1. Determine, yes or no, whether LEU176 is touching a strand residue (DSSP E or B) at 6+ places or on another chain (Cβ under 8 Å) and farther than 13 Å from HIS24 by Cβ.
2. Before we move on, is ALA67 more than 9 Å from the ligand (Cβ to nearest atom), closer than 24 Å to ASN207 by Cα and under 17 Å from the mean Cα position of the chain (by Cα)?
3. Against the condition within 11 Å of the ligand (Cβ to nearest atom), among the hydroxyl-bearing types (Ser, Thr, Tyr) and at negative phi, how does TYR72 come out, does it pass?
4. Could you say which residue among GLY248, GLY200 is touching a strand residue (DSSP E or B) at 6+ places or on another chain (Cβ under 9 Å) and of a type in the set (Gly, Ala, Ser)?
5. Cβ-Cβ under 8 Å, sequence separation 6+ or interchain: first residue in the stretch 237-251 and closer than 21 Å to ALA13 by Cα, partner of a type in the set (Phe, Trp, Tyr) and exposed (fewer than 10 other Cβ atoms within 10 Å of the Cβ). Which pairs?
6. Looking at VAL171, VAL223 in this structure, which one is without any contact (Cβ under 8 Å) to a residue 24 or more places away in the chain, in contact with a helix residue (DSSP H, G or I) (Cβ under 9 Å, 6 or more places away or on another chain) and either among the acidic types (Asp, Glu) or more than 14 Å from ALA26 (Cα to Cα) (or both)?
7. Among the residues of the stretch 31-46, is there at least one that is hydroxyl-bearing (Ser, Thr, Tyr), more than 10 Å from the ligand (Cβ to nearest atom) and in contact (Cβ under 8 Å) with a residue 12 or more places away in the chain?
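Quick note: the coordinates plus some simple rules give every number you see, no bench work behind them. Because the structure is a prediction, the values reported are computed rather than measured. Cβ coordinates were reconstructed from backbone atoms using ideal geometry, including for glycine residues, and neighbour counts include every protein chain displayed.
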Amino acid sequence: MKLAFWKKSDDTAGQVDFGRLPRHIAVILDGNGRWAQRRGLPRTAGHKVGSETFRTIATYCRDIGIAYLTVYAFSTENWRRPQDEVDTIMSLLKRYLLEAIDTMERDNVRLRFMGDMTPLSVELRELVDRCNAISDRLTGCLCSICINYGGRAEIVHGARAFAKDCVAGAVKPEDLTEEMFENYLYSAGIPSPDLLIRPGGELRLSNFLLWQCAYTEIYVTDVLWPDFSKEELHRAIASYQRRDRRFGGVKR
Ligand code: FPP
């Protein structure tokens, strides 16, 4: 399938079959700190450039027709970072949400937030609520931003909600299936990621989408997130398209 976004000179786009794209891409936004340190800059400079990279990649995913994009912006463990770094990440999120409120309707991009929002500032929580309300009216590409998110915490949160429904008599423990439990997760209604991209070279999941990534194809690159480009995304998708997904079965 040919797309207008193809540039003849860009050989990485030529490696991608745009008619067979992953439906859901998840990304761990890693390597911001190292990117900055290698340039003698404060770590916060890496987060600033990283948030620009996020804008570029999210827009491109929307343009080529990726239906779901989920990014790990702030983990339950990231609160342990120096206060100025936490503050910078929160202010970058705030800036992004303020911009999104102005543009998501025009672009038909929905935003969703996964994680426990209670420790966030009142201002940030209000922006999250406004984005959710706008998203409810839209139908387009769904971008999920994980904030104060942890995969284990998400499963515990879901188990607690299910237990409450049991106590209330709405469901019975023996009725629980994997499909039903998915409705108790932050990602309810979103298909599992087909492709997980990890820039920054680390070979671990870091507590990201533990339930959802059971059969997700993983692409790790040494490229640091601020340097991540459309070309690198093409490489990740092309790698995914070469994989043989069997979901525990055998090739027929
Ligand atoms: C991990 O890199 C990155 C983070 C903890 C923060 C990511 C947040 C942003 C890019 C800002 C806002 C996000 C959005 C979606 C607008 P690291 O600091 O752990 O890098 P390192 O491994 O090189 O130290």
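1. It is false that LEU176 is touching a strand residue (DSSP E or B) at 6+ places or on another chain (Cβ under 8 Å) and farther than 13 Å from HIS24 by Cβ.
2. yes
3. So TYR72 fits the description; yes.
4. Of the residues listed, the single one that is touching a strand residue (DSSP E or B) at 6+ places or on another chain (Cβ under 9 Å) and of a type in the set (Gly, Ala, Ser) is GLY200.
5. none
6. VAL171
7. So far as the stretch 31-46 goes, no, none of its residues is hydroxyl-bearing (Ser, Thr, Tyr), more than 10 Å from the ligand (Cβ to nearest atom) and in contact (Cβ under 8 Å) with a residue 12 or more places away in the chain.
Let's see how each residue does on (1) within 30 Å of TYR186 (Cα to Cα); (2) near the ligand (Cβ under 9 Å from one of its atoms); (3) over 18 Å from the mean Cα position of the chain (by Cα); (4) basic (Lys, Arg):
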residue	(1), (2), (3), (4)
VAL16	no, no, yes, no
LEU29	yes, yes, no, no
VAL49	yes, yes, no, no
LEU97	yes, yes, no, no
THR103	yes, no, yes, no
